[in-house]
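Visitor: Next up is a structure, given as structure tokens.
Nothing in this text is a laboratory measurement; each read-out follows from the coordinates by a stated rule. Computed from a prediction, not measured in an experiment: that's the story for all the values here. In this analysis, Cβ positions are derived from the backbone assuming ideal geometry, glycine residues included, and neighbour counts consider all displayed protein chains.
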Amino acid sequence: MIRILIICFSLFSFNYLLADEANFKNSKIDYQKSKITYVDFWASWCGPCLESFPWMNQIIDKYEKKGLNIVAVSIDGRKEAALKFLEENPANFEILFDTDSQMLVQFGVRVVPSSFILDDKGNLLYSHLGFSSKDKPELEKVIKKFLEIK
């Protein structure tokens, strides 16, 4: 079994592709539910992930009717840890549990949080590593761009 070191970024964020785009189309995510899907990989022990959940709740409330879907994928090895996190930090969006690291490898995730924006066919439009309050305006701008909102 391959062990992957995950680094939790709070001060830095980077934009680059981590995996072969073909892998996105074969994931458990239903991209056809909406115009774009924001996929966020998170963990219960990740500080920036804690900060990203309220923002994702705000963004889904604001843009869901305009075609946004958010899927947050827990990479916790124990589902119980993720469920405890979710009790304290409720999500208004879909949650998937990747306890076997299949999606983690499929998306090439090496840092949490990592987020990807994909179109309704599963084509990668944008990727982002890390999360901090300074990222919020840029991420919302990118979401609006792909939703074609001015």
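Visitor: Listed highest first by mean packing, meaning other Cβ atoms within 10 Å per residue, what order do 123-130, 106-113, 32-39 come in?
Guide: 106-113, 32-39, 123-130
Visitor: Compute for segment 15-147: radius of gyration divided by Kirkwood radius, i.e. Rg/Rh, restricted to C-alpha atoms, rounded to two decimals.
Guide: 0.92
Visitor: Could you check what % of the DSSP bridge pairs in segment 15-147 are antiparallel, to the nearest 5?
Guide: Percentage antiparallel, nearest 5: 50.
Visitor: Please list log₁₀ I(q)/I(0) at q = 0.22, 0.26 Å⁻¹ for segment 70-150, using the Debye equation with identical point scatterers on the alpha-carbon positions.
Guide: Debye output, listed in q order: -1.25, -1.42.
Visitor: Could you work out the per residue convex hull volume over the alpha carbons of segment 41-83, in cubic angstrom?
Guide: Expressed per residue, the convex hull around the Cα atoms of segment 41-83 is 67 Å³.
Visitor: Sequence neighbours fewer than 8 away in the same chain don't count; with that in mind, list the lysines whose C-alpha is under 23 Å from K136.
Guide: Filter leaves K35, K62, K65, K66, K144, K145, K150.
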